[in-house]
Number of protein chains: 4
Amino acid sequence: MGKLQSFGIIGGDKRQLYCGRSMEEDGYRVLYHGFHVSGEGVGVQNSDIETIVRECDALLLPLPCSRDGITVNAPFSERTVLLQELQSAFETKPIFCGMKSKLPCKYKQVYDYAAREEFAVENAVSTGEGAIGLAIAHYEGTIHGARCLVTGYGRIGKVLSRMLQGLGADVTVSARSLKDMAMIRAFGMKAMDSGSLSGQYDLIFNTVPCLLFDAQTLAKTAANALIIDLASLPGGIDDKSAERLSIPIIHALSLPGKTAPKASGIIIKNAVYHIIREEEL
Amino acid sequence: MGKLQSFGIIGGDKRQLYCGRSMEEDGYRVLYHGFHVSGEGVGVQNSDIETIVRECDALLLPLPCSRDGITVNAPFSERTVLLQELQSAFETKPIFCGMKSKLPCKYKQVYDYAAREEFAVENAVSTGEGAIGLAIAHYEGTIHGARCLVTGYGRIGKVLSRMLQGLGADVTVSARSLKDMAMIRAFGMKAMDSGSLSGQYDLIFNTVPCLLFDAQTLAKTAANALIIDLASLPGGIDDKSAERLSIPIIHALSLPGKTAPKASGIIIKNAVYHIIREEEL
Amino acid sequence: MGKLQSFGIIGGDKRQLYCGRSMEEDGYRVLYHGFHVSGEGVGVQNSDIETIVRECDALLLPLPCSRDGITVNAPFSERTVLLQELQSAFETKPIFCGMKSKLPCKYKQVYDYAAREEFAVENAVSTGEGAIGLAIAHYEGTIHGARCLVTGYGRIGKVLSRMLQGLGADVTVSARSLKDMAMIRAFGMKAMDSGSLSGQYDLIFNTVPCLLFDAQTLAKTAANALIIDLASLPGGIDDKSAERLSIPIIHALSLPGKTAPKASGIIIKNAVYHIIREEEL
Amino acid sequence: MGKLQSFGIIGGDKRQLYCGRSMEEDGYRVLYHGFHVSGEGVGVQNSDIETIVRECDALLLPLPCSRDGITVNAPFSERTVLLQELQSAFETKPIFCGMKSKLPCKYKQVYDYAAREEFAVENAVSTGEGAIGLAIAHYEGTIHGARCLVTGYGRIGKVLSRMLQGLGADVTVSARSLKDMAMIRAFGMKAMDSGSLSGQYDLIFNTVPCLLFDAQTLAKTAANALIIDLASLPGGIDDKSAERLSIPIIHALSLPGKTAPKASGIIIKNAVYHIIREEEL
């Protein structure tokens, strides 16, 4: 444990609660604000902002820390929490938050845990499981034996394709480079160029935020498929063509917070600890 | 293709529809009765019973074929279908059904596809995926990295434990014999005697229809766990003790038909084909 | 630890040495006889038979304990050790040995560790790895991507097929029953009836001690294959036809002791401990 | 097939032979020179250099194409083949070779297949299997259950760690970045910082060509280990300290050509085809 001994968690959802609880288990003192509506038995005692700012060595804001640049993103709070209420803390204490670009100004000691690469990789696991949960819930066959296409071999593509393989699917992954395609094959899956998708699939998981699936590609590969689009909006599918072809699409965003808030909370905690170590806070 | 060229499918749910459709794709003629309420765009044309009995070489009844010994199990039908309506077919044609013990009398040519071992193994895949879908939906962490206990190393235990392993869980499987325990370890998992369960788990999947989890075992292994009970009723858990200990239990029965009706339909078809081949029908 | 506190290890090869060493690490006193030629720096002090019989609570003989019914199987010994020298021990102490049918008479307290099922399963892991080592050494392609056929879905078939799958091979397993074939498919491999082998393979691993590969089957499936025959003699291949067809065969017997003497020694130890617990020795 | 219809393969070992044979199977005309001593029944007819240069559309040289900058690397040849003999071809035809930096001058149409990334990835599979073959041959336990450390998460580290996992080892992989360490964990293995190795291992596979294992690290992690060093010379281990500590090291270089010449030949062919497509030859 470094110099920081206490944390004030302000705003956020279950993820922040699980993060805080896990920090308490590690021996830290944690105060909370903005969790009046916690639901599902997750009791938590709220402190007032002044106490938190006065007594805590550092603050922890959610992901995203704010949606409007004015208020803290605090969906479980009974009151609106203004960023301005934290002004003195912003100037004097380390603040850990997600997506710091949402803040109205730059501060010297604001650290963005969501910008870290290992944070993104760890969340890919939750995203992958969430996608598999959707496939199990909505596809009427089994993933085992299903012809699955995963487009893109970034973090989510890597983790998700492996999970599908672990469930016994017939997995094809598309990528842009011959090198990635060779690695996909080395890992026992079929590889395909993202630029020329072909084949017939039962399940398609898109992770690429470009229009890979135009009308023609949809007709060729997805006629009998369920598509789960994991790419950030507008996603990678020509939705109108899909509708015309009666191809069902599930747009699945922010899966980690939804399907695995506990895992997400611990991932936030880990990233914060990494920052503390690297910055010697 | 043998001597049987046409099948009459009477009663059942989506599974029978998928079974029939797949038989049609294999080149068989298939007539249906009892699918007036099919929902979700699964259009099907109903023939009347007399036509089916007259024109089809064999009949296919659902699983279970009847719940009361009087009517066909036909949840999608607008009318009650009596077993008696099929009397002449029972006496003259091969009938394929699930759980033939539900029929009021014995007939010479009634074959029970659900009694076949390969049918049970194939359904274990659907059950396993259904259980994983429930875990993803209800557990707030990720299966990846979770401490999972699977009790029992029968069909479902074998298939489910492998899937959990494929998703990156920390898997322990319990069994009764040293031989099974050795095989569990040979497959890279931890093994434990079903008679003396220990350890702390995040997720417990019970496949054994005996009371493995009494109050004491629950307190010892499941204090922070979600239990998914896959064993037929009354299951393997002392529900009252679990409630007192605030341990959540999901009783999950008949998962194949619910989570993977298409896969289930094809499994029925495969079992029917195996019978046809073995009996030289 | 039970009542037995000291063991005398008489005869055997590296396996017995590793077994003894591991018992010493568990806190037992272990005396040795018959390890004058131990090689490779595995120093061991030999006690004379009388001392061992007098001081040890139990004896441990190798696998097989004897080849001729007269002498102990002691390949590392500078002298011949007669079973008769152990006569008084046979009558008064627990003796753990492999293949007790090789002994000239029956004794009340002779226990055969090699007859135990978990012993056989654990050895299947060593056999599987040994077979893979042979394939890597002799096949000029990679196992990854190779079309592999494993005949038989017993202990070795189960473990070996999984290992091949773990290395990225394209694995087909043959079995006799539809149930086993369904389980093979549930585990993500291709299944085939052992009675009608077909397909072209790069590597064939036979585990079935019956003539599966006659001239016709060899010509059909193995024209360009390397065959590794793991079945006990005479094995499962028509050697003469294979020679005529220029199909290379490696007869691989007793792999565990050869490729993994350390693992084998610990497997012997585990089996002995199981017997002690079950028999309350 | 493009404009190139015939290839002249000059020099090299079994890899080039397998490459040529596979090209012939694809419909190309292939002439050979330098394979007088082919051994093991790999018959091949040699053409003279003039014929090859005159009749072939392109030449294929081995990896490395030359060791001295003067002669072609032709270990199976009964005569020395000078690079100069190919002078006119170098000036007029596409030449595919491995390590073109070994040639004395630069030519416009010389393409280096060994410099391609997908070539390196595909060879990592052969290297990984070769390393596993060495471990099976030299380690007296089984890889299954062994504590394995793989240092470095580049191509070989990625592929090898996965194979070890597939065989049931307890795998730890070391890397430099938190991102790679997160990916290693996402793939179900343990991760460690390459800069501070710790733990006790049975098998250590080094893929990093820097001195990771000094005397202190060796004593801490490798006291009872077998080390397989896959890094190019001088490797990553302080050999003298290892010798003093009696830690066995196997320096394993150029595994693909040794353990899987057939696979290597096909990898060369694939890389050549990729060049032809990209360069529109």
Length-normalised contact order of chain D, Cα under 8 Å, at least 6 apart, in percent, tallies to 17
Note, region B:46-53: 3J(HN,Hα) by Karplus (6.51, -1.76, 1.60, θ = phi - 60°), whole Hz, Gly/Pro = x, goes 8, 9, 7, 4, 4, 4, 4, 4
In debye to the nearest 20, the charge dipole size for chain D, taken about the Cα centre with +1 at each Lys and Arg Cβ and -1 at each Asp and Glu Cβ, equals 480
For region D:25-110, shape from the Cα gyration tensor axes a ≥ b ≥ c, cut at a/c of 1.5 then a/b versus b/c, turns out oblate
Partner shielding of C:253-260, as the mean number of partner chain Cβ atoms within 10 Å, equals 2
Rounded to whole angstrom, the alpha-carbon centroid of region C:159-200 lies from that of region A:226-281 at a distance of 37
Placing each pseudo-label 7 Å from Cα in the direction of the beta carbon, B:His251 and C:Arg29 end up separated by a distance in nanometres of 5.9
If every Lys and Arg gets +1 and every Asp and Glu gets -1 at its Cβ, then about the Cα centre region B:98-198 yields a dipole, in debye to the nearest 20, of 420
Inter-copy distances for D:Arg176, nm, shortest first, label points 7 Å along Cα→Cβ, are 2.4, 5.6, 5.8
The size of the Cβ-based charge dipole (Lys, Arg +1; Asp, Glu -1) of the protein assembly as shown about the Cα centre, to the nearest 20 debye, is 0
In terms of the charge dipole of region B:122-194, which places +1 on Lys and Arg and -1 on Asp and Glu at the beta carbon, the residue among B:Tyr139, B:Thr151, B:Ala169 farthest towards the positive end is B:Thr151
Going through B:Lys269/C:Lys179; B:Lys190/C:Lys14; B:Lys3/B:Lys108; B:Lys3/B:Lys102; B:Lys220/B:Lys240 one by one, the pairs whose alpha carbons sit over 20 Å apart turn out to be B:Lys190/C:Lys14; B:Lys3/B:Lys102
Chain A: longest segment with zero exposed GluC sites (Glu not before Pro), where exposed means DSSP loop plus at most 15 other C-beta atoms within 10 Å, is residues A:79-279
Relative to chain C, whose Cα atoms define the longest principal axis, helix C:117-138 and its Cα axis are tilted in degrees, nearest 10, by 50
Here the correct list, in nm and shortest first, of distances from C:Leu245 to the same site in the other copies, label points 7 Å along Cα→Cβ, is 4.5, 5.2, 5.9
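Can you pull the mean other chain C-beta count within 10 Å for peptide A:125-131?
Values: counts 11, 4, 1, 5, 10, 3, 1.
What the average comes to for A:125-131 is 5.
I'd like the mean, over residues of D:173-186, of how many other protein chain beta carbons sit within 10 Å of each residue's own Cβ. The partial results should precede the final answer.
Details: counts 0, 0, 0, 0, 2, 10, 8, 3, 2, 14, 9, 1, 7, 15.
Per-residue shielding by partner chains comes out at 5.
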Contact order relative to length for region C:57-121, counting C-alpha pairs under 8 Å separated by 6 or more residues, stands in percent at 34
The chain C residue whose Cβ lies closest to the rotation axis carrying chain C onto chain D, with that distance rounded to whole Å, is C:Gly166, 1
With x for Gly and Pro, the residue-by-residue ³J(HN,Hα) of region D:74-81, computed from phi through the Karplus equation 6.51 cos²θ - 1.76 cosθ + 1.60 at θ = phi - 60° and given in whole Hz, is 9, x, 9, 8, 7, 10, 6, 9
Sorting from shortest, the nanometre distances separating the label point of B:Gly154 (7 Å past Cα along the line to Cβ) from those of the same residue in the other copies are 2.6, 4.6, 5.2
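Is region C:179-275 rounded, prolate or oblate when judged by the Cα gyration tensor, a ≥ b ≥ c being the square roots of its eigenvalues, rounded requiring a/c under 1.5 and prolate requiring a/b larger than b/c? Mind showing how you got there, number by number?
On the way: a/c = 2.56, a/b = 1.52, b/c = 1.68.
Oblate, since a/c reaches 1.5 and b/c is not below a/b.
Chain C: longest stretch without exposed trypsin sites (Lys or Arg not before Pro) (DSSP loop, at most 15 other Cβ within 10 Å), sites themselves excluded? It would help to have the intermediate numbers written out before the result.
On the way: sites that count: C:Lys3, C:Arg67, C:Arg79, C:Lys106, C:Lys108, C:Arg176.
In short, C:177-281.
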Row for the protein assembly as shown, column shape: gyration tensor on C-alpha, a ≥ b ≥ c, rounded if a/c < 1.5 i.e. under 1.5, prolate if a/b over b/c, else oblate; value rounded
Once normalised by the length of region A:9-138, the mean sequence separation of its alpha carbon contacts under 8 Å that are 6 or more apart gives a contact order in percent of 22
Along principal axes, largest first, the alpha-carbon spread of chain B in whole Å comes out as 62, 37, 35
If unit charges are put on Cβ atoms (+1 for Lys and Arg, -1 for Asp and Glu) and the dipole of chain C is taken about its Cα centre, the option from C:Leu86, C:Gly11, C:Phe213 lying farthest towards the positive end turns out to be C:Phe213
On the formula 1/(1 + (r/R0)^6), with r taken between the Cβ atoms of B:Ser196 and C:Ala223 and R0 of 51 Å, the FRET efficiency rounded to 0.05 is 0.45
Sorted largest first, the Cα spans of region A:28-186 on the principal axes come out in Å as 57, 37, 30
With the convex hull built on the alpha-carbon atoms of region B:108-229, volume per residue in Å³ sits at 119
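Each value in this text was obtained by applying a stated rule to the coordinates, not by laboratory testing. Not measured: the values here are computed from a predicted model. With ideal geometry, Cβ positions are generated from the backbone for all residues, glycine too; neighbour counts draw on all protein chains shown.
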